[in-house]
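Remarks on the structure that follows.
The values are calculated or read from the model by the stated rules, or taken from the named source; none is laboratory data. Predicted, not measured: the structure shown is a model, and the values here were computed from it. Every residue, glycine among them, receives a Cβ derived from its backbone with ideal geometry; neighbour counts consider all protein chains shown.
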Amino acid sequence: MSRASKTAGDDDRFRRAHQERGIVETPEGPVEIDLTESPLRWLASRRDAAGRPFLSATEVEAGERFRRDFTLAGLSPKLGAAWAAPVSGGRASGAGPDYADVVIAAKQRLDRAMDAVGPDFASLLLDVCGFLKGLEHAERARGWPLRAGKIVLKLALASLARAYGLADTATGPVRAPGIRTWRAPG
C-alpha cells in the first residue's frame with residue numbers, strides 16, 4: 001500500500017470516528033450525513049421554559065428536508081473535488097436515477113420551498129439548514145440581538161413545514177363516508 005493511500009484511509013477512519021453518521025432516505029435514494037454537524041439538531045435537543053422541546057418534530061423534519069435538498073442540489077461548498085455522486089445505493093449501473101436528474105429535482109424543490117417561505121425566512125434557512133452556520137453567526141450577520149435568531153428560525157421552520165405540507169397531527173374525517181365493505185353487492 002502506498003503512503004498516500006494509507007494516509008487517506010487513516011484520515012477517513014479518524015473522520016468517521018468523530019462523527020455520528022446516519023443514513024437518511026430521500027426521494028432519489030439513501031444519503032449518508034453527519035448528524036452532529038447541523039445547528040438545527042443542536043437546537044432540537046433544547047427545551048423551552050415548560051420543559052417541552054423547543055422545536056416540534058415537524059419543524060425539525062422540515063429543516064432536515066431543506067438540508068437534504070440543499071445537499072442533493074450540490075450547493076454545499078466543497079474544499080476539493082467530489083469524485084462520487086451524492087446518491088449511492090449500490091444499484092447496478094442504469095438502475096437508479098440519473099445524477100443530473102437528482103440535482104435538478106432537488107434544486108426545484110429547494111426553489112419552491114424558498115419561494116413559499118419568502119426571502120427573509122429563506123436567507124436564514126439557507127444559512128442555518130443549508131450552510132450549517134450557527135445561530136450566533138446568523139444573528140451577527142443580520143445585526144439582530146442575542147437569541148433573536150432562535151425565535152425567527154422557529155417561525156421560519158414552521159412556515160417551511162406548512163410549505164412542505166407537514167403538520168404535528170393528522171386531520172381528516174373519523175371514517176370514510178359510504179364505504180362499509182369491500183365485498184361486491186349482493
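Residues are listed down the side, and each one gets a yes or a no for (1) under 17 Å from E64 (Cα atoms); (2) surrounded by fewer than 16 Cβ atoms within 10 Å (Cβ to Cβ); (3) in contact (Cβ under 8 Å) with a residue 12 or more places away in the chain:
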{"position": "A100", "(1), (2), (3)": "no, yes, no"}
{"position": "A106", "(1), (2), (3)": "yes, no, yes"}
{"position": "A116", "(1), (2), (3)": "yes, yes, yes"}
{"position": "L126", "(1), (2), (3)": "yes, no, yes"}
{"position": "A141", "(1), (2), (3)": "no, yes, yes"}
{"position": "L146", "(1), (2), (3)": "no, yes, no"}
{"position": "L153", "(1), (2), (3)": "yes, no, yes"}
{"position": "A156", "(1), (2), (3)": "yes, no, yes"}
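Checked against the criterion of being modelled with pLDDT under 90 and under 22 Å from A73 (Cβ atoms), region 112-127 contains one or more residues that satisfy it. The listed residues are G74, G94, G80, G89, and the only one of them that is in contact with a strand residue (DSSP E or B) (Cβ under 7 Å, 6 or more places away or on another chain) and either farther than 26 Å from W42 by Cα or modelled with pLDDT under 90 (or both) turns out to be G89. The set of residues in region 41-75 being among the aliphatic types (A, V, I, L, M) and not in a loop (DSSP other than H, G, I, E, B) consists of L43, A44, A57, V60, A62, L72. Residue-level check: of (1) at pLDDT 65 or above; (2) touching a helix residue (DSSP H, G or I) at 6+ places or on another chain (Cβ under 8 Å), R47 misses just (2).
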